[in-house]
Amino acid sequence: MNYRHAFHAGNFADVMKHLALVAILLHLRKKDAPFAVIDTHAGRGLYDLSGEQAARTGEAAGGIGRLMVPAVMQSALPEALHRYLAIVEGASARFYPGSPIIATMMLRPQDRLVAIEKHADEAAALKSSLAAFRNKALHSETADGYVRLTALLPPRERRGLVLIDPPFEDADEFAAQARAVAAALKKFATGIYLLWFPVKSAAEANEFAGEVLTAGAKKALRIDLDIGAAERVAGEKERLSGSGLIVINPPYGFADDMRAALQYVAPLLSDKARFEVRWIAGEE
Ligand SMILES: C[S@@+](CC[C@H](N)C(=O)[O-])C[C@H]1O[C@@H](n2cnc3c(N)ncnc32)[C@H](O)[C@@H]1O
C-alpha cells in the first residue's frame, strides 16, 4: 500500500467531498426515520495536520486552510458550508476530520455508521478515533469495502448513504467502483450514493460517468471542481487539479445546496477555480 490519505487530508478534493457529505446528511436528518451511512473506504478518521505527512505536501493549506471564515460571518454562509466548517473547527486546529468522523458528528441517536477500512494500521487508528463517541451507533471493520458493501445492503433502515471514496492507486479503480455500484444498486436501488473520483482527463471522467449510468443509476448528479493547478512546479510531483463527485439519488434540493456552497468556496480555493453541477441522469 502506497496511498496514505494523511498526505491529502483537508485538500480541495476533501473540502468538496465533505461538503457534499454534510449536505446529504442534513437532508436525511429532515425526517425522524433512522438512516444508515456506509463508508466503504473510511481512512483513519482523524488526520494530524501538523504531522510529517501533511506538512510534506501542504495540501490542507490550499484546501481547508483557505476557508477559515471568522466566526461572526459563519451564520451567513450556506447551511452545509456552515455546518461543515463548524465540524472541522470542532475537531481542533491541529486535526482534520475525515468522512467517518464527519458522518458521526451528523448522526442522531437513531442513526448508524458502518465504516470499512482495508489497511490494518489505518483501521486501528479509525477504531480509536471512533471510540471517543460512546453514545453513537458506530461500527468499524477491517475489510475490503467493495466486498463488504453488497453484504451490508440493503440497510435495515431502508434509507441512507453509501460513500465510496477509493484511493485510485490502481488503473482498475474506476472499473472496480462502477462494478461495486452496479452490484449495490441491485440490492438497494433507492439508496443515496456519493462517489468520488479524480479528474485527470475529461475523457476518463466522462467514461466513468457513463459506466455509472450503465450500472443502473436512473437519477444522478455530477459535480466537478477544478482549481486550475495542473501546471507542474519544477521538481514537484504533479498535483491533482480536478475533483469529481457523482451522487446517485441525491435528495431534493441538494444540487442547489452544492451550487450555493461552491459559489462561495471555489473563489477562496483559487482565483482560477471552476465548478459545474449538472444532471447526468434524470433531474429534480
Ligand atoms: C481516499 S482515502 C479515504 C478518505 C476518507 N473517505 C475521508 O474522506 O476521510 C481511501 C482509503 O481507502 C483505503 N482502502 C484502499 N483499498 C480499500 C478497500 N478495497 N476497501 C476498503 N478500504 C480501502 C485506503 O487505505 C485509504 O485509507
Note, region 179-194: 3J(HN,Hα) by Karplus (6.51, -1.76, 1.60, θ = phi - 60°), whole Hz, Gly/Pro = x, goes 5, 5, 5, 4, 5, 5, 5, 5, 9, 8, 5, 8, x, 8, 10, 10
Charge dipole of the chain built from unit charges on the beta carbon (Lys, Arg +1; Asp, Glu -1), centred at mean Cα; most positive-end Cα among Ala132, Asn2, Pro167 is Ala132
About its Cα centre, region 41-175 carries a charge dipole, from +1 on Lys and Arg Cβ atoms and -1 on Asp and Glu Cβ atoms, whose size in debye to the nearest 20 is 760 debye
For Lys136, Lys31, Lys186, ascending order of other Cβ atoms within 10 Å (fewest first) is Lys31, Lys186, Lys136
When the charge dipole of region 5-281 is computed with +1 on Lys and Arg Cβ and -1 on Asp and Glu Cβ about the Cα centre, the Cα farthest towards its positive end, among Leu213, His27, Ala178, belongs to His27
Expressed in Å to one decimal, the Kirkwood Rh of the chain from all distinct alpha-carbon pairs is 18.9 Å
Expressed as a whole-number percentage, the relative contact order of region 5-281 with C-alpha contacts under 8 angstrom and at least six residues apart is 22 percent
For region 129-181, listing GluC sites (Glu not before Pro) in a DSSP loop whose Cβ sees at most 16 other Cβ atoms within 10 Å gives Glu157, Glu169
Between the alpha carbon centres of region 267-283 and region 41-97 the gap in Å comes to 20 Å
Of Asp172, Asp111, Asp224, the most mobile residue in a GNM of the chain (C-alpha springs, cutoff 10 Å) is Asp172
In debye to the nearest 20, the charge dipole size for the chain, taken about the Cα centre with +1 at each Lys and Arg Cβ and -1 at each Asp and Glu Cβ, equals 940 debye
Phi-derived 3J(HN,Hα) across region 212-225 with the Karplus relation (6.51, -1.76, 1.60, θ = phi - 60°), rounded Hz, x for Gly and Pro, is 5, 5, 5, 5, x, 6, 9, 9, 8, 10, 10, 10, 10, 9
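Rule-based calculations on the coordinates, nothing more; no lab input. Just so it is clear, the structure is predicted and the values come from calculations on it, not from any experiment. Virtual Cβ from ideal backbone geometry, glycine too; neighbours counted across all protein chains shown.
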